[in-house]
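Here's the structure we're looking at; comments come further down.
Only the coordinates and a few stated rules stand behind these numbers; no lab work does. Keep in mind the model is a prediction, meaning the values are calculated, not measured. Note: ideal-geometry Cβ built from the backbone for every residue, glycine included; neighbour counts use all protein chains shown.
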Amino acid sequence: MLTKDLLRVSRAGGGYAPRFAGREHRPLAARVLGTFQGHVGEPRSDLDSALADLEGEADHFKLVRGFAKLLDREAVFETRAPVPPERARRTAFEAAEQVGVVSEAERDEALGRAGDRLAADPDDVAGSLYADLDERQVLAAFEARWDPDQLLAQYNLSLAQTALFDATELRVRTSDPKALVSAVKRLRLMYEIRKEGDGDGNGGRETALSEREVVVTGPDALFRSTRRYGTRFARLLRTVAKADSWTLSATIDDHGTERTLSLSDADPVRVPGVEPVADVTFDSGVEADFAARFESLDSDWELTREPEPLETGARVMIPDFAFDYRHADFRVFFEVMGFWTPEYVEKKLSQLETVEDVEMVVAVDESLGVGEEIAARDHRAIPYSGTIRLKDVRDALRRYEDELVAENAADLPDELAPAADAISLAALADERGVSEDAIEEKSFPDHELVGRTLVRPAVLDALREEIEAGMTFSAAEDALASRGIEDASAVLSELGFAVEWEGLSGGTVREKESA
């Protein structure tokens, strides 16, 4: 949850709608994460100052503060001082009373006496006096559980939870009611289950649990609202949001005004780290989106998720993907560099520098500004912002493909004589274990190329005798198929015919009109 002062809601139309963060706020989330990571070893005051600078660039300062509030829980702050602050203060104040500090010189004398008693340098004593104040504590470590996408999800979940803290009643329908009821009991919340027919004369009808509404009493409805109950109540949203489909309606006490908050699975309320059951998981939405789009292509490259590790000095790295060329033993590794912290970027760059004897393409977030450094390490860099463009990836692979096609073509004889009377270029390429591009420029002394199919002249002559104007297209198709020809349109055109279509009833073969 967030603190109440960070709650962002819209009351338009008398409603009560959380103002969720969207994809457009991902760069801001990344910058807040990077600010924490970049201030490890520095005082909290410096971190707070850098975060304050980001507030001026955001849609609303509460966005930055909300992201920072969540990340602050992942940070470890510690007091670093040559002398324990409490001891330094006690000794210095005792010395100050003896000296009677009024001037700067008297202050220095008091610090000197305190240093003598503590066996410490006076400057160390001065630096230790208030080192335990929050703003002077040092960010010792920061290991965030979330990447920018997950931080957005956690923010939206926390925002909704905070909004629900003022609810008097929560009504939920879910595709996983058993999990919901189990969570309600586990959290020791007050609840009831209402049947869909309650109040309309159908109360006696047996109704499945999935058709019932779970009603939970909210913290604001208690005679004495307790933060412990409110926190447990808000935590229930995590269980609700894990279901595939759900709707939620809550009555909110908005400073004495009753409002309704409505949410469903259509809203951006997700539980970070909760993935649908699948064979493949991805480190980011960028990777998942790219994989889905690339695999839908008709390509000579096969995509492999997380291939074998690569040695990088004393360590190993597992690239995000590998592209395997279907017509040769050739692999190109693909790394998506979308992480936001300077330390992680430097780690990735050092790994890439030590990768030897492999081909690597790297998609790099433009905001990182390290494309030239990647290229200097003999790897191909593809800049992206938000989404990796398939065209950029295909262009990068095309450079390898052109070389592979040329090598395959050079291994083939200039003339090819397939044994079949008719065979498509694709089938011939498969027989030879090469791409279609590798055989397209070859000559075929025994065949004619009709469309994308090689056909012996004798077969074409026989078809000219067999196929005649007026026969149905399906009969002509059968005649072609019996000779291993699938591209009926191209061969019929070569024979001087066209198809006259007659709606859904089929077509008739006609002689082509002379030009």
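With +1 on the Cβ of every Lys and Arg and -1 on the Cβ of every Asp and Glu, and nothing else charged, how large is the dipole of region 429-515 about its Cα centre, in debye rounded to the nearest 20?
Numbers: 8 positive and 21 negative charges, 17 e Å.
Result for region 429-515 is approximately 80 debye, rounded to the nearest 20.
Skipping prolines and chain starts, which residues have an amide H placed within reach, meaning under 5 Å, of the one on L2, given they are 5 or more residues away or on another chain?
T162
Identify, among L111, P82, L7, the residue whose Cα sits farthest towards the positive end of the charge dipole of region 1-117, taking +1 on the Cβ of Lys and Arg and -1 on the Cβ of Asp and Glu, with the dipole about the Cα centre.
L7
Going by how many other beta carbons lie within 10 Å of each one, how would you line up E78, E335, E169, fewest first?
Numbers: E78 10, E335 22, E169 15.
Arranged by neighbour count, lowest to highest, E78, E335, E169 become E78, E169, E335.
Can you give me the distance in nm between label points at D254 and M190, each placed 7 Å from the Cα along the Cα-to-Cβ direction?
Result for the modelled spin labels: 2.5 nm.
Nearest 10 degrees is fine. How inclined is helix 85-99 to the longest principal axis of the chain, computing both from alpha carbons?
Taking Cα atoms only, the helix is inclined about 30 degrees.
Just to confirm a number: summing +1 for Lys and Arg and -1 for Asp and Glu over residues other than R398 whose beta-carbon lies under 12 angstrom from that of R398, what do you get?
On the way: positive: R380, K391, R394, R399; negative: D300, D392, D395, E401, D402, E403, D437.
Charge balance near R398 sits at -3.
Based only on other Cβ atoms within 10 Å, what is the fewest-to-most ordering of W301, W501, W146? Don't skip to the end; give the middle numbers.
Values: W301 22, W501 11, W146 19.
Ordered by Cβ neighbours within 10 Å, fewest first: W501, W146, W301.
Give the label of the value calculated from the structure for percent of Cα pairs over 36 Å apart, choosing from (1) 43; (2) 60; (3) 28.
(2)
Given a Förster distance of 51 Å, report the FRET efficiency between F330 and D124 from their Cβ-Cβ distance, rounded to the nearest 0.05.
Working: r = 63 Å, r/R0 = 1.23.
Computed FRET efficiency for F330 and D124: 0.25.
Where does the charge balance sit around E494 when Lys and Arg score +1, Asp and Glu -1, over other residues with C-beta under 11 Å from its C-beta? Intermediate values should be presented prior to the final figure.
Numbers: positive: R464, K512; negative: E448, D487.
Combined, the nearby Lys, Arg, Asp and Glu give 0.
With charges only on Cβ, +1 for K and R and -1 for D and E, what is the dipole size of the chain about its Cα centre, in debye, rounded to 20?
Details: 62 positive and 104 negative charges, 875 e Å.
In total the dipole reaches around 4200 debye.
Hey, got the dipole for region 60-179? About the Cα centre, +1 on K and R Cβ, -1 on D and E Cβ, debye to the nearest 20?
800 debye
Would you mind counting up the charge near R456? Only other residues with Cβ under 12 Å from its Cβ, with Lys and Arg at +1 and Asp and Glu at -1. Each step should come with its number before you reach the end.
Details: positive: R483; negative: D421, D446, E448, D461.
Net local charge, R456 excluded: -3.
Please give the Cα centre distance for region 162-176 versus region 8-55, rounded to the nearest Å.
Centre-to-centre distance over Cα atoms comes out at 26 Å.
Residues with amide H under 5 Å of V450's amide H, sequence separation 5 or more or different chain, H placed in the peptide plane at 1.01 Å from N; which?
V455
Using packing as a proxy for protection, rank 114-121, 477-484 so that the peptide with the highest average count of other Cβ atoms within 10 Å comes first. Could you put the intermediate results ahead of the total?
Working: 114-121: 16.8, 477-484: 15.0.
Put in order of decreasing packing, that is 114-121, 477-484.
Fewest to most neighbouring Cβ within 10 Å: what's the order for I485, I382, I193?
Details: I485 24, I382 20, I193 15.
Lowest count first: I193, I382, I485.
Taking the mean number of other Cβ atoms within 10 Å as a proxy for protection, how do you rank 350-359, 454-463, 440-449 from highest to lowest?
Final packing ranking: 454-463, 350-359, 440-449.
Report the Cα centroid-to-centroid distance between region 370-417 and region 81-160 in angstrom, as an integer.
56 Å
With unit charges on the beta carbon (Lys/Arg positive, Asp/Glu negative), name the residue among T174, P148, V345 whose Cα is farthest towards the positive pole of the charge dipole of the chain.
The residue sitting farthest along the positive end of the dipole is T174.
Of the DSSP beta bridges with both residues in the chain, give the percent that are antiparallel, rounding to the nearest 5. Walk me through the numbers before you get to the answer.
Values: 55 of 67 bridges.
Bridges in the chain are about 80 percent antiparallel.
When the distances between all Cα atoms of region 81-130 are binned every 5 Å from zero, what whole-number percent does each bin get?
Per 5 Å bin, starting at zero, the Cα-Cα P(r) for region 81-130 comes out as 5, 28, 36, 23, 8, 1 percent.
Which length gain, in nm to one decimal place, applies between H60 and A105 when the Cα-Cα distance is subtracted from 0.36 nm times their residue separation?
Details: separation 45, 0.36 × 45 = 16.20 nm, distance 4.78 nm.
This chain segment gains 11.4 nm when fully extended.
Quickly rank 20-29, 258-267 as a protection proxy: mean count of other C-beta atoms within 10 Å, highest first. List each step's numbers first, then the result.
Details: 20-29: 17.5, 258-267: 15.3.
Result, highest mean first: 20-29, 258-267.
Mind pulling the angle between the C-alpha long axis of helix 44-55 and the longest principal axis of the chain? Nearest 10 degrees, somewhere in 0 to 90.
Between helix and principal axis, roughly 50 degrees.
Starting from the exponent 0.38 and prefactor 2.2 Å, build the expected Rg for region 422-511 from its residue count and divide its actual Cα Rg by it. Can you show the working numbers first?
Values: Rg = 14.3 Å, N = 90, 2.2 N^0.38 = 12.2 Å.
The value comes to 1.17.
Multiply the residue separation of R398 and Q98 by 0.36 nm, subtract the distance between their alpha-carbon atoms, and state the gained length in nm to one decimal.
Values: separation 300, 0.36 × 300 = 108.00 nm, distance 8.22 nm.
Gain in length upon complete extension: 99.8 nm.
Divide by every residue of the chain the summed helix terms, -39500 (n - 2.57) for each DSSP H run of at least 4, and state the resulting mean residue ellipticity at 222 nm, rounded to the nearest 500 deg cm²/dmol. Intermediate values should be presented prior to the final figure.
Working: 18 runs with 208 residues, N = 515.
About -12500 deg cm²/dmol.
Compute the long axis of helix 342-354 from its Cα atoms, compare it with the longest principal axis of the Cα atoms of the chain, and write down the angle in degrees, 0 to 90, nearest 10.
Roughly 40 degrees between the two axes.
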